[in-house]
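Here's the structure, in structure tokens; my notes come after.
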Amino acid sequence: MAKNHSQRFLEIVDDAKTRVLECTIHDVKTRTEQGEEFLLIDVREDHEFGAGRIPGAKHLSKGVIERDVEQLIPDTSTLLILYCGGGFRSALAADNLQKMGYTQVISMDGGYSGWKAAGYEIETES
């Protein structure tokens, strides 16, 4: 289901995307299948994460990521791939993490909705 995002929101996302490296859902699937080491971070809200997520994802919502990331991921050279619902919030969060000194941050374009639409495995609460 497409969202009707405000023009101002889209403008700040577009601005962040000029500084953020992005990858596709297929890139993440390939990296996972090849056993590449990275942390997959779900930046969606708690209720979104609880409803379903990409297997192995850690939850650090956009609302708290800047506050909590250093405690959970102190090594700023750790490869982080962030995703949200479609790739907008993850781009904003990736931009901020880079400003905080994280050097390998990627935003997954397409997000959870793209992952699910591709038929890739998801986890849900039992």
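Every read-out reported here was derived from the displayed coordinates using simple, explicitly stated rules and does not represent laboratory data. As the structure is a computational prediction, the values presented were derived from the model and not from experiment. Cβ sites come from the backbone with ideal geometry, for glycine too, and all protein chains shown count toward neighbours.
One residue stands out in segment 80-113 among those that are under 8 Å from the mean Cα position of the chain (by Cα) and either without any contact (Cβ under 8 Å) to a residue 24 or more places away in the chain or assigned to a loop (DSSP other than H, G, I, E, B) (or both): the one that is farthest from ALA16 (Cα to Cα), namely CYS84. Exactly one residue out of LYS116, LYS58, LYS62 is surrounded by 13 or more Cβ atoms within 10 Å (Cβ to Cβ) and closer than 18 Å to HIS5 by Cβ, and it is LYS62.
Do we find that THR103 is in contact with a Gly (Cβ under 6 Å, 6 or more places away or on another chain) and more than 26 Å from GLU125 (Cα to Cα) in this structure? Answer is no for this residue. Reported count of residues in segment 1-29, each being within 14 Å of the chain's Cα centre (by Cα) and among the hydrophobic types (A, V, I, L, M, F, W, C), is 7.
Starting from residues that are under 15 Å from the mean Cα position of the chain (by Cα) and loosely packed, with under 12 Cβ neighbours inside 10 Å, keep the ones in segment 33-55 and report whichever is farthest from MET100 (Cα to Cα).
PRO55
Can you find a residue that is closer than 15 Å to ILE106 by Cα, loosely packed, with under 11 Cβ neighbours inside 10 Å, of a type in the set (Asp, Glu) and in contact (Cβ under 8 Å) with a residue 40 or more places away in the chain anywhere in segment 21-28? No, segment 21-28 contains no residue that is closer than 15 Å to ILE106 by Cα, loosely packed, with under 11 Cβ neighbours inside 10 Å, of a type in the set (Asp, Glu) and in contact (Cβ under 8 Å) with a residue 40 or more places away in the chain. Every condition in (1) in contact (Cβ under 8 Å) with a residue 24 or more places away in the chain; (2) over 20 Å from GLU121 (Cα atoms) is met by THR18 except one, and the failing one is (1).
Looking only at residues in segment 87-104 that are of a type outside the set (A, V, I, L, M, F, W, C) and touching a Lys or Arg at 6+ places or on another chain (Cβ under 7 Å), the one that is surrounded by the most Cβ atoms within 10 Å (Cβ to Cβ) is ARG89.
Identify, from the list GLU11, GLU37, GLU45, the residue that is under 26 Å from GLU123 (Cα atoms) and without any contact (Cβ under 8 Å) to a residue 40 or more places away in the chain.
Only one candidate qualifies: GLU45.
Remark: GLU70 falls outside the filter, which requires a residue to be in contact (Cβ under 8 Å) with a residue 40 or more places away in the chain, farther than 25 Å from SER6 by Cβ and of a type in the set (Asp, Glu).
There is at least one residue in segment 69-86 that is of a type in the set (Asp, Glu) and loosely packed, with under 15 Cβ neighbours inside 10 Å.
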